[in-house]
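J.: I am attaching a structure below and will ask some questions about it afterwards.
No value in this document is a laboratory result; all are computed from the given coordinates. In this text, all values refer to a predicted model and were calculated from it rather than measured experimentally. Every residue, glycine as well, gets a Cβ built from its backbone with ideal geometry; the counts of neighbours run over all protein chains shown.
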Amino acid sequence: MKYRDEYRTPDAARGYADAIARITTRPWTLMEVCGGQTHAIVRFGIDQLLPESISLIHGPGCPVCVTPIAYIDKALEIAGLPGVILCTFGDMLRVPGTHSDLSAARARGADIRVVYSPLEALTMARENPGHEVVFFAVGFETTAPANAMAVYQAERAGLENFSVLVSQVLVPPAIRALLERPGNQVQGFLAAGHVCTITGYEEYEPIARKHGVPIVVTGFEPLDILEGVYRCVRQLERGENCVENQYSRAVRRPGNAMAQHVIQAVFQVVPRQWRGMGGIPDSGLGVAPAYRSFDAETRFGAVNGEVEAQGECLSGAVLRGEVRPDQCPAFGTRCTPERPLGVTMVSEEGACAAYYRYRRPAGGQARE
Amino acid sequence: MCLAVPGRLISIDGDDPLTRQGRVDFGGVIKSVNLAYVPEVQEQDYVLVHVGFAITIVDPREAERVFEYLRTLEQEADEPQ
Amino acid sequence: MRPITVIVDRREVKLVSESCDNQCPPLNDDHDVVKMAHGGGGRAMAQLLDDIFRPAFDNPWLAKQHDGAVVEMPGAIAFTTDSYVVRPLFFPGSDIGTMAVHGTVNDLAMCGARPQYLSAGFILEEGLPLATLRRVVDAMAAAAVEAGVQIVTGDLKVVERGKADGVYINTAGVGKVVAPEPVEPTRIQAGDRILLSGDLGRHGVAVMTAREKLDLESAIESDCASVLQPVLALLEEGIDVRCLRDLTRGGLASALVEVSESAGLAAEIREVDIPVREDVSAFCELLGLDPLHVANEGRFIAIVAEQDVARATDVLRRYPVTQGAVEIGHFVQGAAGLVTASSMIGASRVIDRLSGEQLPRIC
């Protein structure tokens, strides 16, 4: 596949790994924000190519993982109503709510349908005028334009049976919140490349300046991540802290104007609760007043309730990068993908799930 | 987050800027994709597709930079100190 | 490219996938569907058996119309069963009937046996068009001829509309063991090599393209096929085949983990040598699936000693179904069930069984 396979060549990977080793003189702690990058790192074993002194911490870049339990409960409540079709991305299906999850609800007869694109949910609304169709709109800025378009088109078409349950989150406020936490170890960031195709990266410049951290907009293939790490480490070694764009084949500084336009029309910035981080002001998107009638919280009642899972689960600490999945006492024993204690194990993009799949040997012991 | 996959746009369907779709070829699998967010796209361009939407056009010139940069670094390393 | 549907008793029955070339005749006559009476054991059932099943499977055992078939098989017998519940019934490259025969034939081949006799149990959904049933049964008959097996006994039940997704099929099969040594994981030794019979993922992807409304065009067809001939050829060449395992649900990953667990050994494979067609790989990428976990219906792994790799690969490559055969790794002393793959960029990762359902991802 073009624009994918060429970024996976072993020689170039080793070339970048060697370059990183040549310039590293001290330990550095970097964070890759995006779950897709975590997945690539663990799947390709990219961290195994880095010098021991470079630590990669996995950030909260998995919107599935950071969605509060209360939203799952709300989705379950809505799906349980007669005449409702709940549409969702596949990722949300097994995320635990307080008592159940969407997969179990579907097995018990709730009309829950997995879609690849929000536009499919819109089509379902058109084809099922006698049903309420609710789309569970989760995601970072990358998914916001698609989710916004579904609402935008619904309004243009005058659809009355379509609404969205929005749990959208924004990345830069999360990065700021992480940097402001006492005891923060992160010295440099690999920013999420696909988020930046939409938003651009101007917003990261004040963050880099204020906190003195280099931020490199990075792609998702092995060579992208290795180049991103190289650039970040080079800045750290030189005492620099600016924003660089490694993923220049996809990201431009101002981002995608059309996407931003539609997002700003349909959504508004709101405070959001993040699993593992608590409440962060101005860190999410909700439905704008002009589109209020398409907001599932208007039709079915507002979401409120518990943010954190109770009990043994350390997903909050994992999401903050304070604990590595294989450092959790329950990892691989009491907590597995089949019987997850928390969301970072359920979501394919979650750090615990990635570690379980690629690092844990069959038999249950975490590898070292 | 964000699984976005590169594919080649082989045809464009429709005129309405918000609803026009394109057929995108991903290594032999062709999918219909919404083109609202890449208004300047042309046939044969490569786009990144996320949940059924093209979110950006891949710049072929910039795509080379990853390899050019590595070559520069390797040349620097080879230079006598 | 729309799936073809027929309205039966005000209910939509999806018959075939987009790429199917011969269409089922549209029906609006109530006589042409399966009814509860067809499962009753009476005249209607006898008629159905005479009309559709016996002509297709035609053999002396079925002609006897007895409760069971009496066959003679000297020596060790391999015995297997499998049920087929695939939806839709017809998909690019294959169908439930073909799968029902090849799947059981292949399982027997994996035991180092030559399949001979199959049973076929059908659970039919009330309202299934008889024309569809005929197509399924005819497909089974053709597959049976290809594999050199006879379907000698069977059963038929009908359940209410809404159950059975059209039709569920169970086939059980017996075959004469022809391998001189047992073909099973306990015979695997450290150092033995893993041969993969061909490229991955076509079947699972083909079914998904037909089932999910993904709005895409693809030429990917199921790899459903009998692997009997190449397996028998390996044995006839005198190659010491330690173990065989077909790669059905759960894909290559699950098969490797299970075999290495049973063998009490660890395994190491090279991801770069695992063949996946570009379009299959692209489809998996689009939906966030791992080709190592996608189902296959005409693929297997064969474990042989290191010195037999070249010969075994040559034999396999003579047959169309295994022409892509390639060595992908080997077994080592280590934690039972621990399968690691060296990635394209050289680092290693653990290969695990598929956990739960494969869900298309966005994230």
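J.: Report, as an integer, the average count of C-beta atoms from other chains found within 10 Å of each Cβ along C:157-168.
T.: Averaged over the peptide's residues, the number is 0.
J.: OK, next. Quantify how strongly other chains surround peptide A:92-99 by giving the mean number of their Cβ atoms within 10 Å of each of its Cβ atoms. Working shown, then result.
T.: On the way: counts 3, 3, 4, 0, 0, 0, 0, 0.
Neighbouring Cβ atoms belonging to other protein chains average 1 per residue here.
J.: Taking Cα centroids, how far is segment C:265-307 from segment C:51-123 in Å?
T.: Taking the Cα centre of each part, segment C:265-307 and segment C:51-123 sit 28 Å apart.
J.: Show log10 I(q)/I(0) for chain C at q = 0.11, 0.13, 0.15 Å⁻¹, two decimals, from a solvent-free Debye sum over equal Cα scatterers.
T.: -0.79, -1.05, -1.29
J.: Could you put C:TRP61, A:TRP274, A:TRP28 in order, starting from the residue whose Cβ has the fewest other Cβ atoms within 10 Å? All intermediate terms of the calculation are to be shown ahead of the outcome.
T.: Numbers: C:TRP61 17, A:TRP274 24, A:TRP28 21.
Least to most surrounded, the residues fall as C:TRP61, A:TRP28, A:TRP274.
J.: Report, ordered by chain and residue number, the aspartates and glutamates lying within cross-link reach of A:LYS210, taken as a straight Cα distance under 12 Å and ignoring same-chain residues fewer than 8 apart.
T.: A:GLU180
J.: Which one, B:VAL29, B:VAL38, B:VAL51, has the greatest fluctuation when you compute a Gaussian network model over chain B with C-alpha springs under 10 angstrom?
T.: Maximum among the listed residues: B:VAL29.
J.: So if I take the centroid of the Cα atoms in segment A:178-244 and the same for segment A:320-335, what is the distance between those two points in Å?
T.: 26 Å
J.: A follow-up question, please. Average the reciprocal distances over every distinct pair of alpha-carbons in segment A:231-273, invert the result, and give the Kirkwood radius in Å.
T.: Mean inverse Cα-Cα distance, inverted, gives 13.5 Å.
J.: Taking the Cα centre of segment C:129-181 as the origin, how large is its charge dipole in debye, to the nearest 20, when only Lys and Arg (+1) and Asp and Glu (-1) carry charge on their Cβ atoms?
T.: In debye, rounded to 20, segment C:129-181 gives about 220.
J.: Ok, one more. Pull the list of chain A cysteines that no other Cys approaches to under 4.7 Å, Cβ to Cβ.
T.: For chain A, the answer is A:CYS34, A:CYS87, A:CYS196, A:CYS232, A:CYS242, A:CYS313, A:CYS328, A:CYS335, A:CYS352, because their Cβ atoms have no other cysteine Cβ under 4.7 Å.
J.: Follow-up. Per-residue HN-Hα couplings for segment C:185-193, Karplus 6.51 cos²θ - 1.76 cosθ + 1.60 at θ = phi - 60°, whole Hz, x for Gly and Pro?
T.: x, 5, 8, 6, 10, 4, x, 5, 9
J.: OK, next. List every residue whose amide H lies under 5 Å from the amide H of C:VAL339, counting only residues 5 or more places away in sequence or on a different chain, with H placed 1.01 Å from N in the peptide plane.
T.: A:ALA362, C:ALA267, C:ILE351
J.: Choose one answer from A:ARG94, A:ARG292, A:ARG181: the residue with the largest mean-square fluctuation in a GNM of chain A with alpha-carbon springs under 10 Å.
T.: Between A:ARG94, A:ARG292, A:ARG181, it is A:ARG181 that shows the largest mean-square fluctuation.
J.: For peptide B:71-79, how many partner chain Cβ atoms fall within 10 Å of a residue's Cβ, on average?
T.: Working: counts 2, 1, 10, 5, 0, 2, 5, 0, 0.
Taking all residues of B:71-79 together, the mean is 3.
J.: Here is a follow-up. Shape verdict for chain B, please, from the Cα gyration tensor: rounded (a/c under 1.5), prolate (a/b greater than b/c) or oblate.
T.: Note, shape of chain B comes out prolate.
J.: Does segment C:102-244 come out rounded, prolate or oblate, given a ≥ b ≥ c as the square roots of the eigenvalues of its C-alpha gyration tensor, rounded meaning a/c under 1.5 and, failing that, prolate meaning a/b above b/c? Intermediate values should be presented prior to the final figure.
T.: Numbers: a/c = 2.51, a/b = 1.52, b/c = 1.66.
Verdict is oblate for segment C:102-244.
J.: Between A:VAL114, A:VAL343, A:VAL138, which gets the highest mean-square fluctuation from a Gaussian network model of chain A, Cα cutoff 10 Å?
T.: A:VAL114
J.: If you don't mind, there's one more thing I want to ask. Would you work out the charge dipole size for the protein assembly as shown about its Cα centre, treating the Cβ of every Lys and Arg as +1 and the Cβ of every Asp and Glu as -1, and quote it to the nearest 20 debye?
T.: Here the size comes out at about 1160 debye.
J.: Roughly how far apart, in whole Å, are the Cα centres of segment C:127-144 and segment A:114-136?
T.: 35 Å
J.: Still on this structure: Angle, helix B:65-78 long axis vs. longest principal axis of chain B, Cα atoms, 0 to 90°, nearest 10?
T.: The angle comes out near 10 degrees.
J.: Now for a different question. Of all DSSP beta bridges located in chain B, what percent are antiparallel, nearest 5?
T.: Once the DSSP bridges in chain B are tallied, antiparallel ones form about 95 percent.
J.: Hey, another quick one. For a quick check: with amide H placed at 1.01 Å from N, whose amide H comes under 5 Å from C:GLN116's, ignoring anything fewer than 5 positions away on the same chain?
T.: Residues meeting the criterion, in which the H sits 1.01 Å from N, are C:VAL174, C:GLY175, C:LYS176.
J.: Right, here's the next one. Could you tell me how many degrees, from 0 to 90 and to the nearest 10, lie between the Cα long axis of helix A:222-238 and the main elongation axis, the longest principal axis, of the Cα atoms of chain A?
T.: The angle comes out at about 60 degrees.
J.: For a test of the definition: using alpha carbon positions, the gyration tensor, and the 1.5 limit on a/c, classify the protein assembly as shown as rounded, prolate or oblate.
T.: oblate
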